[in-house]
Amino acid sequence: MALVSPSEIARPFLDEVREAVAELPPIRLVGLLASDRPDAASYSNYAARGCAKVGITYEERKVPSAQLSRAIFEANTDPEVHGILVYYPVFGGARDRSLQNEVDAEKDVEGLHGFWTQRLYHDVRFADRAKTKKAILPCTPLGVVKALAALGVYHLERKPREQLEGVTVTVFNRSEVVGRPLAALLAHDGAVVHSFDIDGVVRYEREREEPGTITRAEALRESQVVVSAVPDPSFELIRADELHPEAVCVNVAYVPNFADDVEATAKHLLNRVGPITVAMLLRNTLRLYRNFAS
């Protein structure tokens, strides 16, 4: 088993963005920080360092939560701003979802605007009818997909949408930021996905999303891939004796979701995805610039 370095997976994407940015006019990404959550501040710092590595200008704007909507509007209408990143959660629930739709889709580097989520869930891979502008996908789910491709889970020799046929995946987390979009992306590519959260299990397959009946033990036993993103220290850790013998395991949460014995038995263990998420953020920023600002 190889403990996987997320920085190694991220490196070729950073190199690709750096080379492209060097040939373009200045690109500016604005991060709107409207909460005092330490993880939000940490993500902003990672974004700043990532931008510095590839030549994108990053500006953190700290704003009171009550003024966040106005700050989004100002960034939307500023032609010198090419990408906008809001550090959620701010209010939580429906209010945050409303704010996600206030960010101009052409500057939404995280792909959370309804324009992008509609395309994601209906497997529309372009922003325009002429298919000249590729769609934007949420950074963390996209990062997990790229990691699985790098680890050989995807059969890249096959046609698109068939590259995960025969692969079963279990995902713990069904949030609208990570778990649900990830399940949809993997199902679009041919996988059968069992998605668990506190409300039960949902099965994803191609265009289908339906209640599942499988148990945690059954799902883990048959899954070649297990992705867990539960931000709760009380989550029952996934043990080595529960896993498929050739399981590829990805921990997305800031707390461990896998027991220590998994490192010695899983085919691959990716303990964190932060560097890959940042690489996808920068890749999305470049794509939006090329699609719209240029």
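Read-outs throughout are calculated quantities, based only on the coordinates presented, and are distinct from any laboratory measurement. Being a predicted model, the structure only gives us computed values, none of them experimental. Glycine gets a Cβ as well: all are built from the backbone with ideal geometry, and neighbour counts include every protein chain shown.
A few points about this structure:
- In order along segment 171-179, phi translates into HN-Hα couplings of 10, 9, 2, 10, 5, 6, 8, 10, x Hz, rounded to whole numbers, per the Karplus curve 6.51 cos²θ - 1.76 cosθ + 1.60 with θ = phi - 60° and x for Gly and Pro.
- Members of 62/107; 134/159; 107/159; 53/134; 53/131; 62/146 lying beyond 20 Å, as alpha-carbon distances in this model show: 107/159; 53/134; 53/131; 62/146
- Karplus-derived HN-Hα couplings along segment 282-294 (A = 6.51, B = -1.76, C = 1.60, θ = phi - 60°), whole Hz, x at Gly and Pro: 5, 5, 5, 4, 5, 5, 5, 4, 5, 5, 10, 5, 6
- Over all other residues within a Cβ to Cβ distance under 12 Å of residue 46, the charged ones net out to +1, with Lys and Arg as +1 and Asp and Glu as -1.
- Computed from the C-beta positions of residue 23 and residue 67 and an R0 of 41 Å, the FRET efficiency is 0.65 to the nearest 0.05.
- Cα gyration tensor, segment 1-87 - rounded (a/c under 1.5), prolate or oblate: oblate
- Amide H to amide H distances under 5 Å link residue 60 with 31, where only residues 5 or more positions off or on other chains count and H is placed in the peptide plane.
- Listed values (1) 49, 43, 40; (2) 53, 41, 34; (3) 53, 47, 40, entry calculated as Cα extents along the principal axes in Å: (2)
- Each of residue 162 and residue 52 was given a label point 7 Å from its Cα along the Cα-to-Cβ line. The distance between the two points is 4.7 nm.
- Kirkwood hydrodynamic radius over Cα pairs of segment 1-149, then Stokes diffusion coefficient at 37 °C and 0.692 mPa s, in µm²/s: 198 µm²/s
- Averaged over residues, the count of other Cβ atoms within 10 Å places the peptides 255-268, 276-289 in the sequence 276-289, 255-268, highest first.
- Shape of segment 74-219, Cα gyration tensor, a/c cut at 1.5: oblate
- Shape category assigned to segment 141-274 from the gyration tensor of Cα positions, a/c cut at 1.5: rounded
- Angle between the chain longest axis and helix 6-21 axis [Cα atoms, degrees, rounded to 10]: 30 degrees
- The helix-based estimate of mean residue ellipticity at 222 nm for the chain, built from -39,500 (n - 2.57) per DSSP H run of four or more residues and divided by its residue count, is -11000 deg cm²/dmol to the nearest 500.
- Label-point separation, residue 205 to residue 98 (7 Å along Cα→Cβ), nm: 4.0 nm
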